[in-house]
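Below: the structure, in structure tokens.
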Amino acid sequence: MKFLPLIWSGIWRKPGRSVLIFLQVCVAFALFGVLQGLKTGVEQLIGQTRADVLLVHGNLALFDPLPLALLEQIKSVPGVKVVVPVELFGAIYQTPNQKLGVVAVRPDGDWLSAFTFTIAPEYVAAFRRMRTAAIIREGVAKKYGWKIGDHIPLLSKTPQKTGSTDWAFDIVGTYTDSDLGGGSDTLLINYDYFDEARLADKGTVKHFKVAVSDPALAVAVTDEIDRRFANSANQTLTESMRELAQSQLQSIGDLNFLIRSIVGAVLVALLFATATMMMQSTRERMPELGVLKTLGFTGVAVFLSILAEAMTIFVAAAASGLGLAVLIFPLAANIVPGLSMPLIVVAVGMACAVLAAAISAAVPAVFAARLNIVAALAGR
Amino acid sequence: MNFVRQSLALLHVGLSGVAARPSSALTILIGVTCAVGALVSMLAMGAGARRQEMGAVRADHVILGKTGERPGQSDISKDESAVILGLPGIRRGDAGEPIVVFESMTFIEGRKRGTGTRIYFPVVGVTSTVTQYLPELRFTAGRMFHPGLHELIVSNPCAHQFTGFELGDTRLIHGVAWTIEGRFDQGQAQECVVYGDVDSIMSAFKRNTYTSVAVMLQSAADFDAFRDAVSSNPALHLEAMHESAVVEDEFKQLNAILFFVAYFVGSIMALGATLGAVNSLYAIVDSRRGELATVRAIGFGPGPIVVSVMVESLLLALPGALLGSGLAWILFNGLAASPLGYSIQLAVTPSLAAIGVAWALGMGMLGGLLPALRAARVPVTMALRAR
């Protein structure tokens, strides 16, 4: 306990210097937090996506149409619990820059198990009852001030049977989605109504969503579906939502090398700067350390007090830096929706701070511990 | 004159003392090196992207798309295409035909070499005028596709990055085998481009409209006349745009993200380096208190002291800038990164090195300011008595 005032006065011996070191460490760990958070956060997001929901699409491209007729054949694959046909198209609301993604689904049976949506049961019931019903993603409803019961006109490139490209839907509810892909400005409509009303491409879907009865069967089901349509005019490619997320977010993974280099550079620069400062300040304190030793402080005690000073500054600064990173993280996370700061990054950051403090204080602390009293008091 | 002489003399004293305090100078050097290196290598991504995007852009290229829609996602009917061929100002090819390329673009799937990662790349159905539209296009192996057949030609970067693009390889598109018949280089472009006959592509994907139309003008100066001819023609609902504007628009988002990330990371690291420099310079000034008080006592003014410390700070930051840019060049120049799905070759250009140097001078200036003021304010009597 008696060491505490000693450590404290050591820190405030040169306030300007301590504050500068504090800021330097703080800035370095803020950057570390954001970059490492981005990298680890993406990896965690991929891990959270569902491996038991499959997406069956044409093997050429994600948006190449498949015939609806494949539905029954996919359903008959053992292990398949639910198959939902999905059609996607773009629409605009009022002005061309207010774009919406329209997702047409067939809400049969346990269809929700093939999606990551959360929808209140009464909305689902209303959605099934009304052909022109639409369920709006919560954020979009808020953005345009839409309420349940509203009749919303949309403009699309997909023409109706009448040749008109105007579509209108009745809002029956809102939903939230825990999936990270697919954009956030979306609404759900009934596939059967849409398919009947449209002019061209009738009876086709963009993809099928498949939920498997047992996650362990996912790989076998994937292979079996693709095998059934191999060498047909409609070859399919079946992927789990996790694989899909992986390939979508792969691009950020490609930045790993750059992120690693930068984090490395930051830590090296920081270590060098702080180690130099510590050495400098220990040298300046030689006479004081000599007095301490004369009073009976052992070499170990002096060693520990220097180390503790560095630890205090580093831990406090790293904590504020990582806190800052958590605060500004939502800005960086704009690139990847749904990203949040993983706690592990904060923990690793703190461990790094302790390590950095130990490294940068090691040489000065050893120097101080070995100090010869006579030489120190003479200021040599 | 006296001011300059005094400053130079003080600077000389200061710099000759650097050797006695190598660690402080090294702190500044390493801090600045890391900050500049990070900034330059991040900016190199943006520069590489830009070089790649703009590499094939020509001033006499014009892209036609539906008014208000993005070219590449337009629907241009065959009726309109006949009208386009008759527009004025279009350059004529060897056989007297107008150099107009009707395009239908779609994305198909490819596998990366080595990792097997899936990536979607564009397959562009084009008319055979494309070889005249793109004079930089040179075949390195094989030949041009034959119209009406299921044949593809690919740029060399495709073959380097993805599997299945060797001559004679086939790919199934809707149950029909398409053969790779030619490989080509296109100037410096590092993009993977796959071309096939537009009619074959359109029938394979059951389309009956083109997604965009590219036109080569007689000269870049004909653009305004051509644009007016397009917009005043009642049979066309199209808009003519410079190729550069189309490409710029396409990559606006990517460029903005790269730019933001580079300056975000660069600024934070520069902040850290500046703090380190301030601390080191404070230490240097502190250790020279007696010396500074002495020169004040023999008549040196505070102005030259401020200047000499600032210049010393700048001179200590400068080698860091050169080292940082150099390291970025050695480590990252030419490296292929693929952020956000685009494949980019990093390019460390002289102008980026210049930005790095400017950045470093900024750090040196800011880092030197406070210590310089402190140096000038050393109270003469106290500093001398403290010795």
Sequence ranges B:249-257, A:21-29, ranked by mean other-Cβ count within 10 angstrom, highest first: A:21-29, B:249-257
Between 0 and 90°, nearest 10: helix A:256-284 axis offset from chain A longest Cα axis: 20
Mean-position separation - Cα centroids, segment A:175-248 and segment B:141-178, in angstrom: 28
The protein assembly as shown, dipole about Cα centre (Lys/Arg Cβ +1, Asp/Glu Cβ -1), debye to the nearest 20: 4100
Test item: Cα-centred dipole of segment A:60-234, Lys/Arg +1 and Asp/Glu -1 on Cβ, debye: 340
Cross-link pairs A:Lys39/A:Lys157; A:Lys99/B:Lys206; A:Lys209/B:Lys206 - those with Cα-Cα distance over 29 Å: A:Lys39/A:Lys157
Charge dipole of segment A:184-266 about the Cα centre (unit charges at C-beta), most positive-ward option of A:Leu237, A:Val266, A:Ile189: A:Val266
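Enter the mean number of other protein chain beta carbons within 10 Å of the beta carbon of each residue in B:171-179, as an integer. Could you put the intermediate results ahead of the total?
Details: counts 1, 5, 5, 8, 5, 1, 0, 0, 0.
If you average over the peptide's residues, the count of other-chain Cβ atoms is 3.
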Average beta carbon contacts from partner chains per residue of B:325-332, 10 Å cutoff: 1
Average beta-carbon neighbours from other chains, 10 Å sphere, peptide B:273-285: 6
Sorted peptide list for B:366-376, A:218-228, criterion being average Cβ within 10 angstrom, highest first: B:366-376, A:218-228
Using alpha-carbon coordinates, inclination of helix B:350-376 to the longest axis of chain B, degrees: 20
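Throughout, read-outs are computed from the coordinates displayed, never taken from laboratory work. Just so we're clear, the structure is a prediction, and the values are computed from it rather than from any experiment. As a convention, Cβ positions derive from the backbone with ideal geometry for all residues, glycine included, and neighbour counts pool all protein chains shown.
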